[in-house]
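Heads up, the thing below is written out as structure tokens.
The values are calculated or read from the model by the stated rules, or taken from the named source; none is laboratory data. Computed from a prediction, not measured in an experiment: that's the story for all the values here. No Cβ is skipped: glycine too gets one built from the backbone with ideal geometry, and neighbour counts run over all protein chains shown. These accessible areas exclude ligands, DNA and RNA; they are computed on the full protein's heavy atoms, side chains included. Shrake-Rupley method; radii C 1.70, N 1.55, O 1.52, S 1.80 Å.
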Amino acid sequence: MKFSSVLNYLVSLFVICSPLTAIPVFLNLTQDRSRKDRLRIGLWSGVAVAIILSMTVWIGGPLLEFLAIRIGAFQCAGGIVVFLLALSMLSAQPSPIRQTAEEVGEINKPSVAVVPLAIPLMAGPGAISAAIVTSANFSLFSQKMILSLCGVLMGGIVSVLFYFSTEIERYVGNTGLNIITRIGGLILASLAAETIFQGIENFLSA
């Protein structure tokens with residue numbers, strides 16, 4: 001497994017999960033919490049993201065086989081989902097693919113670490129699709145372990161960014177976050193197009 005493939009997957013996860021753009025949401029959801037509670041929520045959000053992404057690498061492929069869904073078809077569908085997410089990022093707007101109006105209501109519940117912060121805000125359909133599509137191209141145990149570690153690393157990045165969320169927002173500002181979001185959306189759109197093309201190729205060659 002080439003280092004470039006691992007790096008490409010990790011960058012894809014970072015762009016799709018977009019933890020930087022989740023910082024304002026995190027601060028809003030935890031504004032009435034103590035610093036200790038805020039750190040705990042940030043930590044558990046990262047843990048939840050790590051579990052979701054790492055487990056998807058192992059169970060995503062077998063689930064598709066059980067449902068008799070060809071990987072080419074799933075690549076096309078996943079690429080479209082990611083592309084729609086990229087379009088919303090290019091306009092610096094929240095996408096309903098990541099969070100619905102009903103899920104916004106979850107913010108009033110005692111714990112928001114898993115819902116809506118981890119899923120669907122970060123480890124939503126786009127990230128899950130990327131994990132399944134990538135893992136389908138690497139069948140060896142060692143390769144899947146590397147992909148799982150990428151998911152764990154992504155969870156660690158989320159926890160660290162949430163830990164320093166107040167400082168990051170103060171330093172970068174909303175304008176800076178929007179710029180980062182738009183650049184990430186452009187990169188993500190390119191990755192989505194590549195995934196769709198690969199899906200069409202696999203679908204036709206099957």
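Quick one: would you say Met122 is open to solvent by less than 30 Å² (accessible area, probe 1.4 Å) and at pLDDT 70 or above? Yes; evaluated as a whole, the condition is true for this residue.
Specify the residue that is farthest from Leu121 (Cα to Cα); the eligible residues are those in segment 44-60 that are of a type in the set (A, V, I, L, M) and crowded, with 20+ Cβ neighbours inside 10 Å. This residue is Val57. Could you please let me know if Leu63 is open to solvent by 80 Å² or more (accessible area, probe 1.4 Å) and at pLDDT below 90? Here the answer is yes, as Leu63 does meet what is asked.
Among residues that are assigned to a helix (DSSP H, G or I) and either modelled with pLDDT under 95 or under 12 Å from Gly156 (Cβ atoms) (or both), Asp37 is included. So in segment 166-201, with the set limited to residues that are crowded, with 19+ Cβ neighbours inside 10 Å and in contact with a Gly (Cβ under 7 Å, 6 or more places away or on another chain), which one is nearest to Pro19 (Cα to Cα)? Checked segment 166-201; the qualifying residue nearest to Pro19 (Cα to Cα) is Ala192. Looking at segment 126-163 only, could you name the residues that are assigned to a helix (DSSP H, G or I), of a type outside the set (A, V, I, L, M, F, W, C) and open to solvent by 60 Å² or more (accessible area, probe 1.4 Å)? The answer is Ser142, Tyr163.
Tallying residues that are open to solvent by 50 Å² or more (accessible area, probe 1.4 Å) and within 24 Å of Cys150 (Cα to Cα) within segment 1-38 yields 8.
If we keep just the residues of segment 176-206 that are among the β-branched types (Val, Ile, Thr) and at pLDDT 80 or above, which is farthest from Ser135 (Cα to Cα)? Of everything passing the filter in segment 176-206, Ile179 is farthest from Ser135 (Cα to Cα).
Considering the conditions (1) under 17 Å from Ala131 (Cα atoms); (2) open to solvent by less than 50 Å² (accessible area, probe 1.4 Å), Ile41 is excluded by exactly one of them, (1).
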